[in-house]
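Report on the following structure.
Nothing in this text is a laboratory measurement; each read-out follows from the coordinates by a stated rule. Small disclaimer: the values here were computed from a predicted structure and weren't measured. All Cβ positions, even for glycine, are placed from backbone atoms using ideal geometry, and neighbour counts span all protein chains on display.
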Amino acid sequence: MPQKKDAPMRSDAQRNRERILEVALIELTRSADAPLSAIAKKAGVGQGTFYRNFPNREALVLEIYRHEMRQVADSAAQLLETRAPEQALRAWMDRLAEFAMTKAGLADAIRQATSAPGGPARPAHTPVTTAAELLLRANEEAGTIRPGVSADDFVLAIAGLWQLDPHDDWQPRATRLLDLVMDGLRAGAPGR
């Protein structure tokens, strides 16, 4: 009997899917060209199980991307619970930089998956944009940044992170770039 689309996954099927995603994240971060068969083998699943979950490379890559973006985005609310808005925003920016640099192989895999003619569209930064909006509004309410900065403007301002070479000593340069962005956000803040 075929499973309905909306039916919950069996727990073993869910574990298999999670294992595939964990292994794929590691392997695709190392190399955008990691063979799917090697990922399935390292995850301890057969080819049929693998392809039932992810019918092609693009589906796998995009699911990893969505999962990783959710992780980064979810950290915004967690940071706001434990830090002042200004410190939460700056710490979140560091997490975003860490993600951008440590997942460079994944970024290459995403570019490959979304650049093929007729392939899927590159995913929007919606979770990241939503998280940025949360942090920006908290800072605006606290008077620590200038009013009216949109999440889209913020994402454009930090886009330079993706131009850094993850194989170089990227951390000092990312810190300088993000400090410049923070200085720009603070300029004109009512609480300053």
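Just one of the numbered conditions (1) without any contact (Cβ under 8 Å) to a residue 24 or more places away in the chain; (2) loosely packed, with under 13 Cβ neighbours inside 10 Å; (3) not basic (Lys, Arg) is not true of Ala151; which one?
Going through the list (1) without any contact (Cβ under 8 Å) to a residue 24 or more places away in the chain; (2) loosely packed, with under 13 Cβ neighbours inside 10 Å; (3) not basic (Lys, Arg), Ala151 breaks only (2).
Filter segment 155-192 for residues that are among the acidic types (Asp, Glu) and assigned to a helix (DSSP H, G or I) and give the result.
Asp179, Asp183
Name the one entry in Ala24, Ala100, Ala32 that is part of a loop (DSSP other than H, G, I, E, B) and in contact (Cβ under 8 Å) with a residue 24 or more places away in the chain.
Ala32
I need a count of the residues in segment 32-83 that are among the hydroxyl-bearing types (Ser, Thr, Tyr) and out of contact with any helix residue (DSSP H, G or I) (no Cβ under 6 Å at 6 or more places or on another chain).
Going through segment 32-83 one residue at a time, the tally reaches 3.
Residues of segment 55-90 being within 16 Å of Arg137 (Cα to Cα), assigned to a helix (DSSP H, G or I) and hydrophobic (A, V, I, L, M, F, W, C), which ones?
Hits for segment 55-90 are Ala73, Ala76, Ala77, Leu79, Leu80, Ala88, Leu89.
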